[in-house]
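We did not get these values from a lab; they are worked out from the coordinates using the rules stated. Everything numeric here is computed off the predicted structure, so don't read it as measured data. Here Cβ is always computed from backbone atoms with ideal geometry, including for glycine, and neighbour counts include all displayed protein chains.
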């Protein structure tokens, strides 16, 4: 099902999006007369894949043992996500203009650190005999921006050496990586249209609205943050068409059988620093499409395990974290640091949940046993809607640092509203794991607390207005 139905649809959406973003970059280059314009990276939304599989498709399958139904529920969620992405493209640019830079970059940095760096780094050090040398090759060439002879891509060199290492280790019976998926017969696996009317009218999908609705909104915000990051690298793309094509690519892929939304990718600055311009987007789209349409993905993973090229992903994540700290004013770095925490909390929560499941238990049963040794409930709450939580706290802290308490209060008020409806912090623990709790008065404790915080900040605003001398110069405050 994955190779014959989902991946061909994924291929179409990736190719469609990458060709558009390459054309968009070409237009920008012609308009500005520049030769260093880099297209926006684009592909399948990886964090959403984990969420849709773990929180929607697997629970449906465990309950019904119907693989087709589980797949259709993923399509249902992806379709609604595409609608949200498409509509949001016309009405969300104001957020980009009014949100502090630290609040736009820190959620991306947290996402990069948690989901791009940590897991892949651990995988590299779990299999050093295969992955460590390719990691150093990628790190050395990317960090130094060194061009290899004949302009050979360093990623290709890392893959070739990794593949050769695998062959040698297998010859000496020293290859200990997990077995890969069985090979598929080579052929042309074309996407096939899905009966979306049947999927939409099946009521099962709405049970998971508390998962895919917040995720859809967060996906749009992440794309907005990425556009801001791209702008800092000198490539200023219009918000509406950039977000609109992302939404249309999701809808197109869903109509053909993809269960996962597309997304603008982080890592533009790393691509740009390594000399990527417009052609890499076209080549990436064509290569991805060729692999997905031919059934070659399992074959490639048999020769080149994911750990071999994992550090390329790690490098893009590290570049994103570095940019978040480098681009904001020095006094705002603490806001960026604070914004990393919710994403790390979400990653740790998923790791703990996985560990508990592997022992045959479930988090609902085990959570009370942690006691005071691990604030597991706080960890879960902080990770719910982590991207929004990161943005809210980073923005509020920036305005506190700038002594603009009225704006900080508005962000706390937004957090109160989001908590009330379950977009952040709200959850319930079940035997199947952590579920979003979506609806009116979903997290009353957080909603009331944020409301009290907003009131306190309004009092601070009033006090500063009445007593201007109470706002000491920044250097005096730092000394204190």
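Things worth noting here:
- Label-to-label distance, nm, for residues given as residue 140 and residue 467 (7 Å Cα→Cβ offset): 6.1
- Counting only Cα atoms, the chain measures 75, 56, 45 Å along its principal axes, largest extent leading.
- For 435, 126, the sequence from fewest to most other C-beta atoms within 10 Å is 126, 435.
- Nearest 10 degrees, 0 to 90: helix 128-144 Cα axis against the chain principal axis: 60
- Cα-based equivalent ellipsoid, segment 196-291: semi-axes from gyration tensor eigenvalues, Å: 30, 18, 10
- When the P(r) of segment 10-69 is calculated, the portion above 19 Å amounts to 55% of the C-alpha pairs.
- Each peptide in 57-67, 148-158 gets a packing score, the mean of other Cβ atoms within 10 Å over its residues, and the list from highest to lowest is 57-67, 148-158.
- Fully extended contour minus Cα-Cα distance, from residue 231 to residue 459, at 0.36 nm per residue: 78.5 nm
- Mean Cβ neighbour count within 10 Å, used as a protection proxy, ranking 382-388, 97-103 highest first: 382-388, 97-103
- Sum of -39500 (n - 2.57) over DSSP H runs of 4+, divided by residues of the chain (222 nm, nearest 500): -21500 deg cm²/dmol
- For segment 300-390: rounded, prolate or oblate by the Cα gyration tensor [a/c cutoff 1.5]: oblate
- Pairs of alpha carbons in segment 243-294 whose separation is greater than 12 Å (percent): 73
- Building the convex hull from the alpha-carbon atoms of segment 97-208 and averaging its projection over directions returns 14.6 nm².
- Segment 140-202: C-alpha gyration tensor shape, a/c 1.5 cut-off, then a/b vs b/c: oblate
- With Cα atoms as the point set, segment 6-134 shows a radius of gyration and Dmax of 19.1, 58 Å.
- Gain on full stretching of the segment that runs from residue 303 to residue 428 - 0.36 nm per residue minus C-alpha separation: 40.8 nm
- For segment 252-342, the alpha carbon convex hull comes to 160 Å³ per residue, rounded to a whole number.
- Once the Cα gyration tensor of segment 331-468 is diagonalised, semi-axes √(5λ) in Å: 33, 16, 11
- Full extension of the chain between residue 169 and residue 448 gives 94.5 nm of extra length, using 0.36 nm per residue less the Cα-Cα distance.
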